[in-house]
Amino acid sequence: MRVGDNLHKTSFFFVQVLLLLVGINRIVPAAESNLTAYRLNGSLKLDGILSESIYSNSPFNHFIQVDPDNGEPATERTEVWIGYDDAAIYAGWRLWDSRADSITTRMSRRDAYNNSDEIQFAIDSYNDNRSGFYFIVNPSGAIQDGTIANDGWFDDTWDGIWEQVTRIDDTGWTVEMRIPFSQLRFNQQEEILMGLGLGRVIKRKNEHVLSFSAPRGEPGIVSRFGELKGIQNIRPPKRVEVIPYLTSNYADLPSEDDNPFYNGHDSKLDIGTDIKLGIGNNLTIAATINPDFGQVEVDPSVINLSAYETYYDEKRPFFVEGSSIFSFGSGGPTNRSNFNYAQPQYFYSRRIGRTPQGDVDSDGWVDKSSVTRILGAAKISGKLPGDLSVGGLTALTRREYAQVDEDSINREVEIEPLTSYNLIRAQKEIQEGKHGLGGLVTYLDRQFDDHDLRYTLTDNALGLGIDGWTFFNDERNWALAGWGGFTRVAGSKDRMLDIQESYNHYFQKPGVDYVEVDSSLTTLEGWAGRLFLNKEKGRVRLNTSLGITSPGFESNDMGINFRTDHINKHFLVGYNWYEPGKIFRSANIWTAVMSNHNFGGDKINEMFFLFGHFQFLNYYGIHFIGGIGPRTLDDTKLRGGPLVSSPAGSWVEIGAYTDGRKDISFDMEVEVSQGENGYYSLNFDPSAEIKVGTRMNLRINPEYSTSRSVAQYVMSIADLAADYMYGTRYIFATLDRQTFETSLRFDYTFTPTLTFQAYFQALFAVGEYSDYKEFSKPRSLDYIHYDEEGLVIRENEQDDEYYVEKPKQPMEHELDIDFNSKSLVGSVVLRWEFKPGSILYVVWTSNTFNDDHPGNFNFFRDVNNLRKTASDNVLALKLTWWLGR
């Protein structure tokens, strides 16, 4: 049970600022923050030697400390010149350093935080005081880039095509940058005004300086930028990018040795093209033909014993790049804390191209693709005059079939229909972001050949939503934000019945009078919404929220929602210490209370929280979070059964970390929880990062947890004798579980454009079930213990169904569900960007799985069993070539 990750929405760029500035405010920048761009008379050679005529102009050199001495002048001189021609913006930097031999630098892959000296260049090309692009360069030429939204939310998934050169000398270091106008978005006019923010980090001093004022505790980042003047009468070339690709892979699959469709091997060759077209200078169309939506890093292994699906982050380039335009319900105020609220999403991009959902009923061999092929996809995004942001996405996935071999007789079964996914998004900002109003529409449509699939999938799904915000005064220290939405799904009666009885609805639960299963439905409708009230400024911060999801809300066709029938409330207040004291550099402490009810008025969750963070003067730190909750009710524990009691409990997590500037740094978290019914868990999660020289980085993260769940769900069995639970036995057990997991990430950077990465994860999860039991009545914690009552779980050999009886002679349960899951997954990636935007990947992935000795954990034996198990291995090659201007 953890506080939602939205408490501090931060990313890399002006890293220290994001720890201090978490709000929105229209700031009138001081004149000292404004810059003038000079039109180049000739070419500017990117060589790090500041010798061209532009450098004879007076440089910009007004930089102010953010850290460590907020508001004081920079301790080292920084000079910047800005130039332009019809094609690009140029920036030249002279970074003076009184100890040039102590400049901190590291090689790293693109967008990796390298913990070194760096320069930061951010441009608000729409001049809307809320959005922009950022570019970061360190002395070795390692780069980061991305987009900015909502005056301070940073997204590093955008990879622009731009150039930079660095040079270190005995007076400091220099940078020259060229950013094509084709990579920026702006409204064409005779003189183009843009916002500009510059920054520098001197890592050995932990000094961070900016070209604009950023007092501690005051909100706003983009709105504080200075103004870039002087860009006049430019005629940038039309924006056209074509990126053809070629992929090839070979798979060695010992797990499929006997499969006639593979015989232990597989190989494929594929080609496709991505296209980007500019519509003016403010809209972009991205299209892809026969796209390669593979990812170069494997998903982590997960053992999921809950009824809910596992959520994985998106890693496919087409979907992650520029995804912020499709963010819904997140504009305006920055604190959107989440306490045990299952926030529904209208769009979850991993639905597109996911594993085919149809089942194949066969005792023979089945060749079933692990992904659904995407025939094509396109999206449009940008910002129109009048501060109207727009975005749209459409994708078409092909019909997928499974090949079945039964006694050498082959047949074909449809497992995924032809499907189109569609999304439209628009958001209007008013009075330079003081107010905002947006809307979203999603629509999915499936075309079936095999109508048996209509029992498994909906015919179509519609989602509608509106969102917005308002700041109450010109100072923008109080804000109200919210969203509301509607969903409608349509399909066969069987499919609608399946949705009603699924894990996020449970209409069939007895003992309630506000929902019931309707087997005649061919459509299902629902609604949801949430309101936030924020105090955005000052040492004291406040956030409160009300979120509601109706029982019929269903967004899982294009989005994801984990539960419905949900009314969530929370109140959060915190205090921040921004100025360094005698012990701490900064600190904050927060307290919160939350509760959840269902639509029947039953309290299904309540919790009181206390958490905080303290950073010492030496940049070490500690943090903690804990909570305590009374006994409440649980309406999902029995997975469609009646409500039962949820035990009172408490938990605490304590963490600590060392100074990340050092060559070796550590962090550690320990979590302990317990419940009144005997539940407990202990989790130990240390990690270490080791920097070797300026090129090598190693991170290791072992984790061990042990737990006892007194009431782990096993199954439900219809039995008229169990009239005390509406004719069903809901069987639970005590589960003793141990998990050991370790991940290893190794990075070696030959040059900023040639990198080697390796990631491995080993997972050992062992569970032993005992003390089978069932609830003796609804809304209680009372159990019927099978061993005490002489009851045994038996299996009917004729239909493989289970039943419960009281035998005359003692017997063992005929149920074997203990587990010992061992896996090793990994990937190795060699990435060479041989010219801007053109990349060669060589990728090896491996997957090993073993489940010997269920219920018994012996680390060395289990490691040996995993070592002896043959691995599935795939070697892949991908080449992309950027053609553009």
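The values are calculated or read from the model by the stated rules, or taken from the named source; none is laboratory data. Just so we're clear, the structure is a prediction, and the values are computed from it rather than from any experiment. Don't worry about glycine lacking a Cβ; one is built from the backbone with ideal geometry, like all the others, and counts go over all protein chains shown. Remember, those area values only see protein heavy atoms, side chains included, never the ligands or the DNA or RNA. Shrake-Rupley method; radii C 1.70, N 1.55, O 1.52, S 1.80 Å.
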For the chain, the dipole about the Cα centre with charges only on Cβ (Lys and Arg +1, Asp and Glu -1), to the nearest 20 debye, works out at 3900 debye
Expressed in square angstrom to the nearest 10, the accessible area of Trp365 with a 1.4 Å probe stands at 110 Å²
Once both label points are put 7 Å beyond Cα along the C-beta direction, the Tyr724-Leu531 separation in nm becomes 4.5 nm
So for R0 = 30 Å, FRET eff. of Ser370-Leu246 from the Cβ-Cβ r, to 0.05, ends up at 0.90
Taking 0.36 nm per residue of separation between Phe860 and Leu193 and subtracting their Cα-Cα distance, the length gained on full extension comes to 233.6 nm
Shape descriptors of the chain over alpha-carbon atoms, Rg and Dmax in angstrom, are 29.2, 101
Note: Asn290 to Val593 extended length (0.36 nm per residue) minus current alpha-carbon separation gives 104.1 nm
Probe 1.4 Å, all chains present, heavy atoms only: His435 accessible area in Å², nearest 10, is 50 Å²
Per the charge dipole of the chain (beta-carbon charges, Lys/Arg positive, Asp/Glu negative, Cα centre), the residue among Val175, Gly678, Gln164 reaching farthest to the positive end is Val175
The FRET efficiency for Ile583 and Asp361, from their Cβ-Cβ distance with R0 = 51 Å and rounded to 0.05, is 0.15
Once Tyr803 and Val652 are pulled to full extension, the length gained, defined as 0.36 nm per residue separation minus their Cα-Cα distance, is 50.3 nm
Heavy-atom accessible area with a 1.4 angstrom probe orders Thr706, Thr75, Thr848, most exposed first, as Thr75, Thr706, Thr848
For Val66, the accessible surface traced by a 1.4 Å probe with all protein chains present amounts, in square angstrom to the nearest 10, to 0 Å²
A correct Karplus calculation of ³J(HN,Hα) over region 216-231, with 6.51 cos²θ - 1.76 cosθ + 1.60, θ = phi - 60°, whole Hz and x for Gly and Pro, returns 4, x, 9, x, x, 10, 4, 5, 9, 4, x, 9, 9, 10, x, 7
Checked against a 23 Å limit on the C-alpha separation, the offending pairs among Lys535/Lys603; Lys569/Lys637; Lys268/Lys822; Lys276/Lys878; Lys205/Lys662; Lys203/Lys691 are Lys535/Lys603; Lys268/Lys822
Per the helix-only model, the chain has a calculated mean residue ellipticity at 222 nm (DSSP H runs of ≥4, -39500 (n - 2.57) each, divided over all residues, rounded to the nearest 500) of -1000 deg cm²/dmol
From highest to lowest solvent-accessible area (probe 1.4 Å; ligands, DNA and RNA excluded), Lys822, Lys493 read Lys493, Lys822
Tilt, helix 859-868 to longest principal axis of the chain (alpha-carbon atoms), in degrees rounded to tens, equals 80 degrees
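Whenever you get a sec, line up Phe732, Phe261, Phe448, Phe666 from highest to lowest accessible area (probe 1.4 Å, protein heavy atoms). All intermediate terms of the calculation are to be shown ahead of the outcome.
On the way: Phe732 0, Phe261 65, Phe448 30, Phe666 110 Å².
Result, largest first: Phe666, Phe261, Phe448, Phe732.
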Distance in nm between Arg867 and Tyr514 label points, each 7 Å along Cα→Cβ, equals 5.8 nm
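What is the calculated FRET efficiency for Ile622 to Leu277, with r their C-beta to C-beta distance and R₀ = 51 Å, to the nearest 0.05?
For R0 = 51 Å, the calculated efficiency reads 0.50.
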Two pseudo-spin positions, 7 Å from Cα along C-beta at Ser98 and at Leu464, lie apart in nanometres by 6.6 nm
